[in-house]
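Just so it is clear, none of the values below were taken in a lab; they were calculated from the coordinates. Just so you know, these numbers come straight off a predicted model, no measurement behind them. Counting neighbours? That spans all protein chains shown, and the Cβs are built from the backbone with ideal geometry, glycine included.
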Amino acid sequence: MTSSTETFRRGLIAAVCAYILWGLLPLYFKALHAVPPLELVGWRVVFTLPVCIAIVFARSQLAELRAALTNLRVLGLMTLSALLIGSNWLIFVIAIAHGHVLATSLGYYINPLLNVLLGTLFLGERLTRVQWSAVALAGAGIVLLLAGAVDTLAIALSLAFTFAFYGFVRKQAPVGAVPGLTIETTVLLLPAIGIVAIAAGSASGSALALGGWTTPLVVASGIATAVPLLLFAVAARSLPLSTLGFVQFIAPTISFMLGLTVFGETLDPTRLASFALIWAAIALYSWDMATRARAAR
């Protein structure tokens, strides 16, 4: 097996594992339904930071972390990205807590198409006619939700926009995935400590005192956050962007199936039509990307 083939295989395995783990996250947070969403996000930040620091030391990325922390421009960008990813986590956990898994799935289906639009508007990237058609189809799917599924639309767009702008900001900051997450969780640490401290002093008490599976699952939320991101970092370095673009739809597809089965959500005609338009947009865009990749080779 050649070196390039081995690199591709390793990257593909890492990407598939990362997106399967992200797709299964609704199950993880469903098991933590007894924990208030804001407190859960607070604990997620608190327990993610030590995991990130351990990975930074294990991968000898301390110099990269130090360089980012001493660059004011990079630090400013990372502060903004921290606020965006923190908001995204909170919206996601609240949505899962209220049984809106299909809405989260739709949000992450929309996200890559929104990334394309941001690249066109702010980075001077050009779209082909086929790609513009895909964006138009996705837009039609979003508009359709205004007819009778505004709650789904609000959650989906909130997740899509926060994660798309998070990716856009991170693209401007020359920091690796794990050092970047280390800085982001450091920025969010003080608010997170305040949130869990307030929760501990409330009548219901801290989530860590709930016992059973809740305590270990809350503690493990740091690992659940950092491990998929580490796998994604490996995949991003090893795979062509077009391949990564195909694989990323694993996560929302798993969430979609979980929403219909485990969470028992119903797919009414409006939501079904919206999903159909989004899927058509994704298929059209993916076909165009694959065609261009083959032509380039």
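Descriptive notes on the structure:
- Per-residue Cβ neighbour counts within 10 Å put D268, D288 in the sequence D268, D288, beginning with the fewest.
- Of S274, H33, L75, farthest towards positive along the dipole that unit charges on Lys, Arg, Asp, Glu beta carbons give the stretch 3-296: L75
- The length gained on full extension between A200 and L127, counted as 0.36 nm times the residue separation minus their Cα-Cα distance, comes to 21.2 nm.
- Overall dimensions of the stretch 46-134 as given by Cα atoms, namely Rg and Dmax in Å: 17.8, 46
- For the chain, a Gaussian network of Cα nodes joined below 10 Å ranks L69, L114, L102 by mean-square fluctuation, and the top entry is L69.
- At the listed q of 0.12, 0.30 Å⁻¹, the Debye profile of the stretch 243-294, built from one uniform point per Cα, gives log10 I(q)/I(0) equal to -0.35, -1.15.
- Per-residue Cβ neighbour counts within 10 Å put E184, E6, E64 in the sequence E6, E64, E184, beginning with the fewest.
- FRET efficiency for R9 and H33, using Cβ-Cβ distance with R0 set to 35 Å, rounded to 0.05: 0.35
- Multiplying the residue separation of T70 and V227 by 0.36 nm and subtracting their alpha-carbon distance yields 53.9 nm.
- Extension gain from L272 to Q172, taking 0.36 nm per residue of separation minus the Cα-Cα distance: 32.4 nm
- Under 20 Å from the A63 label point (7 Å along Cα→beta-carbon), backbone N, the stretch 170-196: 174-183
- Point-charge dipole on Cβ atoms (K/R +1, D/E -1) for the chain, about Cα centre, debye to 20: 820
- In the chain, the calculated helix contribution to ellipticity at 222 nm averages -27000 deg cm²/dmol per residue, counting -39,500 (n - 2.57) for every DSSP H run with n ≥ 4.
- Sorting M78, M289 by the number of Cβ atoms found within 10 Å of their own Cβ, with the fewest placed first, yields M289, M78.
- Spatial separation of Cα centroids for the stretch 173-188 and the stretch 130-146, in angstrom: 33
- Packing-based ranking, highest mean first, of 29-38, 127-136 given that Cβ atoms within 10 Å are counted: 29-38, 127-136
- Computed over the chain, the ratio Rg/Rh where both radii use C-alpha atoms and Rh is Kirkwood: 0.97
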